[in-house]
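Here's the structure, in structure tokens; my notes come after.
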Amino acid sequence: MAEHREESLLEKITEKFHGRHSSSVVDSDDEKSSRGPSAAAEAVKAKIYRLFGREKPVHKVLGGGKPADVFLWRNKKVSASTFGAVTAIWVFFELMEYHLITLVCHGLILSLAIIFLWCNATTFISKSRPHVPELSISEDLALNVVLSLRYVINRGLVALRDIASGRDLKKFLAAAAALWVLSIIANCCSFLMLFYIAFVALYTVPVLYEKYEDRVDAFAEKAEAEFKKHYVVIHVKYLSKIPMGPLKDKKFQ
């Protein structure tokens, strides 16, 4: 009897152990199957080449929020009105050769004349005077603009310092080439024309890139591979022969 009880106890223990083990195996298989597609999708996304090593969507790269919606034409009314206003300013200053002070003075004269006549005409037509709103720039808005400019300028200075430190020759050559091309373009057109070209590019390039993202990334991957091949040849023949000493960072107090 005692031996029969011991055998029955051993059988129950082994059944419980095998049941837990099989359930844990099933759970682990379920977890792997549930995580499998997402993990595989993430691995595939990680292997896809993106322009400039981008890991976020274009909307987030542009800062997200309302400014990104305007640049990507998500809010077509605001985008169209902003584009039209900047185009009108470009036409006034570039094509019609208006000067800034002249345009501001003419605009103020016209607006003051309209408001003045409107306020005086109400006495003859027995209507209440129009409410002229008080215009002022808030302190918070001014501080936000100044802080944003300070942040952008500091980032630019840090980038220039990194380029001039002599650590990355490729980055230095790219910056020198970009500045050289920019100087040629600036020599051919005015500052306002250059600003308008940059504005049009900002309003067209991101939305077109978002629409044809896969094609552009595939072409950029091929172009980068070709550039690396030519860069290796140039580096072996010429750049590697340039003596470059180690530069030490100076501590600025």
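The values are calculated or read from the model by the stated rules, or taken from the named source; none is laboratory data. Everything numeric in this text was worked out from a predicted model, so none of it was measured. Here the Cβ positions follow ideal geometry from the backbone for every residue, glycine too, while neighbour counts run over all protein chains shown. Each accessible area value is taken on the protein alone, full model and side chains, heavy atoms only, with ligands, DNA and RNA left out. Shrake-Rupley method; radii C 1.70, N 1.55, O 1.52, S 1.80 Å.
Results, tabulated for the structure shown:
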| item | result |
| --- | --- |
| Cβ-Cβ under 8 Å pairs, at least 6 apart or on other chains, the stretch 155-175 side closer than 25 Å to V232 by Cα, far side loosely packed, with under 11 Cβ neighbours inside 10 Å | S165/L247; S165/D249; G166/M244; G166/L247; R167/L247; L169/M244 |
| F191 surrounded by fewer than 10 Cβ atoms within 10 Å (Cβ to Cβ) and either at pLDDT below 90 or hydrophobic (A, V, I, L, M, F, W, C) (or both) | yes |
| Qualifying residue in the stretch 188-198 (condition: in a helix (DSSP H, G or I) and farther than 23 Å from G84 by Cβ) | yes |
| Single residue of the stretch 56-70 satisfying the filter (closer than 20 Å to Y196 by Cβ and assigned to a helix (DSSP H, G or I)) that is least open to solvent (accessible area, probe 1.4 Å) | V70 |
| So R161, is it at pLDDT 85 or above, over 30 Å from W73 (Cα atoms) and surrounded by 11 or more Cβ atoms within 10 Å (Cβ to Cβ) | yes |
| Any hit, the stretch 94-103, residues being among the acidic types (D, E), farther than 30 Å from I234 by Cα, open to solvent by less than 100 Å² (accessible area, probe 1.4 Å) and part of a helix (DSSP H, G or I) | yes |
| Among (1) open to solvent by 60 Å² or more (accessible area, probe 1.4 Å); (2) farther than 30 Å from A223 by Cβ; (3) touching a helix residue (DSSP H, G or I) at 6+ places or on another chain (Cβ under 7 Å) - the single one W73 does not satisfy | (2) |
